[in-house]
Amino acid sequence: MRMLHPVSRRIANRIIFVLSLAGILMAVYVLQSFLRQSPIVCLTNGCETVRKSPLAWPFGIPVPAFGLIGYALIAMFAFFRTMNAKRRTLFLYIVTGIASGGVLFVTWFTYTEIFSIGAICTWCAISGVNMIVIAITSWWSVFSLKQEGRSYKP
């Protein structure tokens, strides 16, 4: 595996930051629809079917709230990486952990949409792809650091 140049790592962090902001915007839009019980502008009627399903409210919390929290944490720690050189690697590991958890959540919810709800929400699918790209970008950055022998040591 080829090592990432430090500039490439900065670009990777910017990509993560921008995608997390896009995720926040998507999550806020869909969450407000969940909370107001109002229709979601969607390419199909899948969004409405998913929104109205009790399975889209695990533990009584609307699914977009989990996305909003995850994306906000990723944005925050990606931003912190630009400000604190001493903890930059730690913050990358935190971003990678949150993004990996996000991928697991997206995988579970997509499975639930397909096999239990019987519909797919377009916004959820776009958000899922977004989270996967964030995770791949963060994993790429971590593996690059490991290739250089620069893993986090507390």
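Each value in this text was obtained by applying a stated rule to the coordinates, not by laboratory testing. Since this is a predicted model, take the numbers as computed values, not measurements. Heads up, the Cβs are rebuilt from the backbone with ideal geometry, glycines too, and the neighbour counts pull from every protein chain shown.
Legend: calculated FRET efficiency, ALA85 to LEU21, from the Cβ-Cβ distance at R0 = 25 Å, rounded to 0.05, equals 0.65.
Rounded to the nearest 20 Debye, what is the dipole magnitude of region 6-147 about its Cα centre when Lys and Arg each give +1 and Asp and Glu each give -1 at the C-beta? Display every interim value, and only then the final one.
Working: 11 positive and 2 negative charges, 143 e Å.
Charge dipole, region 6-147, about its Cα centre: 680 debye, nearest 20.
Sorted fewest first by neighbouring Cβ atoms within 10 angstrom, MET131, MET76 come out as MET76, MET131.
The fewest-to-most ranking of THR96, THR44 by surrounding Cβ atoms within 10 Å reads THR44, THR96.
A DSSP coil position with no more than 12 other Cβ atoms inside 10 Å describes the following trypsin sites (Lys or Arg not before Pro) in region 1-92: ARG2.
Scaling the Cα radius of gyration of region 49-133 by the globular reference 2.2 N^0.38 Å produces a ratio of 1.24.
When the alpha-carbon atoms of the chain are used, the pair Rg, Dmax equals 16.9, 51 angstrom. As a proxy for reagent exposure, CYS121, CYS47, CYS42 were ordered by neighbouring Cβ count within 10 angstrom, fewest first; the result is CYS42, CYS47, CYS121.
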